[in-house]
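Engineer: Can you read through this structure? Questions will come right after.
FYI, it's all coordinate maths here, none of it is from the lab. Here the structure is a predicted model, which means the values were calculated and not measured. Note that each Cβ is placed from the backbone with ideal geometry, even for glycine, and that neighbours are counted across all protein chains shown.
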Amino acid sequence: MELLIPRGTEILLRDLVQERTGIYYDQDKLSLLLEKLSPLVIDHGFHSFLDYYYLLKYDEHAADEWRLVIDAISVQETFFWREMDQVHALVDILLPKWAANRNGQSLRIWSAACATGEEPLTIAIALAQAGWFERIPIEIYGTDVSFAALNKARAGLFRDRAFRNLPSAVREKYFTKEGDAWRIDPQLHARVNWDRANLVNREDVARFAEAPFILCRNVFIYFSSDMIRRVVRTFADYIIDPAYLFVGISESLMKVSNDFELTDVGRAFVYQRRDFCD
Ligand SMILES: C[S@@+](CC[C@H](N)C(=O)[O-])C[C@H]1O[C@@H](n2cnc3c(N)ncnc32)[C@H](O)[C@@H]1O
């Protein structure tokens, strides 16, 4: 079925999607956005994208529809042992410094766009290997905007693609083969608290941001500069001192924020709020 696109509808949809999710489609990617949304439009029996726009913006059941939109447009690509220099910097350099003189104070680590869970579980494995769980109470939060991604994270079952970077000895130690997938050690899995948080909502960020270590990796690549600026501003408003913010290696905050300063730790780059830097 050929769906109608009344003049300006793609811009209305693009801006609404950006406002609610942060995910931004450039002018030359607008047709891709419509392509991703069209099965949802057809499922409602609509003939026009404008009807779908009205549903998303005004319908009392729009929240359920947004779940589907997020799954249609978000990229949940992730894997174990991704960008490990940052994880080593956190576990082997910054954490010992943080824990010194804190008398066993509880530590929070927040993986703020955790997709299907490999990132916070990588942190949990690295902490287990270094013996940190026996030393201090640690809370790890894995949050994402996608309910579907979080359901997979909660299931704790992973397929081969997730292991492409993980040394096989580590996989043998912390995972058990189950059919054609691998189940993570339940005790390690239980170290992570899974929850939903949308980075564009200040109250969601405020709920988790009191963490000395925040990983927000490989999500800003899908946001516009303005939206990154807004989210980073929210981080700056709610984080505590000291706090370290990790973004993906292909991402940079330099052009969008003066609130954070880049420092190198081991072989990794980490952001700190400028006025908190030591
Ligand atoms: C490419 S994955 C990154 C996963 C992981 N951080 C990593 O680096 O491997 C991007 C994730 O960002 C999530 N995401 C997109 N917009 C978001 C938002 N507004 N708030 C929270 N998560 C979001 C997507 O659902 C997706 O799971």
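Engineer: Could you tell me how many degrees, from 0 to 90 and to the nearest 10, lie between the Cα long axis of helix 30-43 and the main elongation axis, the longest principal axis, of the Cα atoms of the chain?
Structural biologist: Tilt of helix 30-43: around 70 degrees.
Engineer: Once the Cβ-Cβ distance between Lys255 and Gln76 is put in as r, and R0 is 25 Å, what FRET efficiency do you end up with, to the nearest 0.05?
Structural biologist: The pair Lys255/Gln76 has a calculated efficiency of 0.40.
Engineer: Can you spot the aspartates and glutamates whose alpha carbon is less than 14 Å from Lys97's alpha carbon? Ignore those fewer than 8 places along the same chain.
Structural biologist: Here the aspartates and glutamates satisfying the reach criterion relative to Lys97 are Asp241, Asp278.
Engineer: Here is a further query. Most mobile of Ile240, Ile140, Ile125 per a Gaussian network model of the chain (Cα springs, under 10 Å)?
Structural biologist: Residue with maximal mean-square fluctuation among Ile240, Ile140, Ile125: Ile240.
Engineer: Mind checking which aspartates and glutamates have their Cα closer than 19 Å to the Cα of Lys255? Skip sequence neighbours fewer than 8 apart in that chain.
Structural biologist: Asp26, Asp226, Asp237, Asp264, Asp275
Engineer: What lysines sit close enough to Lys57 to cross-link, taking a C-alpha to C-alpha distance under 20 Å and skipping anything fewer than 8 places away on the same chain?
Structural biologist: By straight Cα distance, Lys57 reaches Lys36.
Engineer: Given the rule -39500 (n - 2.57) for each run of at least 4 DSSP H residues, summed and divided by the residues of the chain, what is its mean residue ellipticity at 222 nm, to the nearest 500 deg cm²/dmol?
Structural biologist: Taking each H run of at least 4 residues, the total per residue is -11500 deg cm²/dmol.
Engineer: Between segment 161-177 and segment 60-128, what's the alpha-carbon centroid distance in Å?
Structural biologist: Their Cα centres are 18 Å away from one another.
Engineer: About the Cα centre, and with charges only on the beta carbon of Lys, Arg (+1) and Asp, Glu (-1), how big is the dipole of the chain? Nearest 20 debye, please.
Structural biologist: The calculated dipole for the chain is roughly 680 debye.
Engineer: Another question, if that's okay. Per the Kirkwood definition applied to all pairs of different Cα atoms, how many angstroms is the hydrodynamic radius of the chain?
Structural biologist: Averaging 1/r across every pair of different Cα atoms and inverting gives 20.1 Å.
Engineer: In a GNM of the chain with a 10 Å cut-off on Cα contacts, which of Arg164, Arg154, Arg202 has the highest mean-square fluctuation?
Structural biologist: In the Gaussian network model the winner is Arg164.
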